[in-house]
Amino acid sequence: MRKSSPSPKLSRTEFEPELVSTLRSVLDAAVDQIDKAHRTPATKAKMAERLLRAASDGVTDPVTLTAVAIADGMQPAD
């Protein structure tokens with residue numbers, strides 16, 4: 001069994017409640033758009049982490065965030 005490497009730590013960033021709500025909606029919508037075989041908790045977590053990174057970098061547009069999450073969800077998490 002292969003050990004998974006620990007997830008890189010995200011720097012502590014505070015998000016406004018509205019952005020958190022947007023990120024949740026974007027994640028749900030993005031998960032619905034990836035292959036059903038990839039819809040695992042690990043892949044969803046990978047997509048959520050990618051969304052948080054994008055938001056930390058200042059990306060707040062829901063369309064852009066959705067595209068970022070879908071791109072990450074195209075390959076299942078290890």
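For region 63-78, the tally of residues that are exposed (fewer than 13 other Cβ atoms within 10 Å of the Cβ) and not in a loop (DSSP other than H, G, I, E, B) stands at 2. Among residues of region 25-62 being touching a helix residue (DSSP H, G or I) at 6+ places or on another chain (Cβ under 9 Å) and of a type in the set (V, I, T), the one that is surrounded by the fewest Cβ atoms within 10 Å (Cβ to Cβ) is V59.
Please indicate, with yes or no, whether at least one residue in region 15-24 is among the hydroxyl-bearing types (S, T, Y), exposed (fewer than 13 other Cβ atoms within 10 Å of the Cβ) and either at negative phi or assigned to a helix (DSSP H, G or I) (or both). Scanning region 15-24 turns up at least one residue that is among the hydroxyl-bearing types (S, T, Y), exposed (fewer than 13 other Cβ atoms within 10 Å of the Cβ) and either at negative phi or assigned to a helix (DSSP H, G or I) (or both).
Pairs please, first residue from region 23-36 and closer than 14 Å to A54 by Cβ, second anywhere and assigned to a helix (DSSP H, G or I) and of a type in the set (V, I, T), Cβ atoms under 6 Å, 6+ apart in sequence or on different chains. If the second residue must be assigned to a helix (DSSP H, G or I) and of a type in the set (V, I, T), the pairs left are V26/T66; A30/T66; A30/I70. The C-beta contact set for region 52-78 (first residue under 16 Å from S25 (Cα atoms), second residue assigned to a loop (DSSP other than H, G, I, E, B) and open to solvent by less than 60 Å² (accessible area, probe 1.4 Å), distance under 8 angstrom, 6+ apart or interchain) comprises L52/T13; A55/T13; A55/F15; L65/V59; V68/V59; I70/I34; G73/I34.
The values are calculated or read from the model by the stated rules, or taken from the named source; none is laboratory data. The structure presented is a predicted model; accordingly, all values stated were derived computationally and were not measured. Cβ atoms come from the backbone with ideal geometry, glycine included; neighbour counts cover every protein chain shown. Side chains are part of the model used for accessible areas, which takes the heavy atoms of the whole protein and leaves out ligands, DNA and RNA. Shrake-Rupley method; radii C 1.70, N 1.55, O 1.52, S 1.80 Å.
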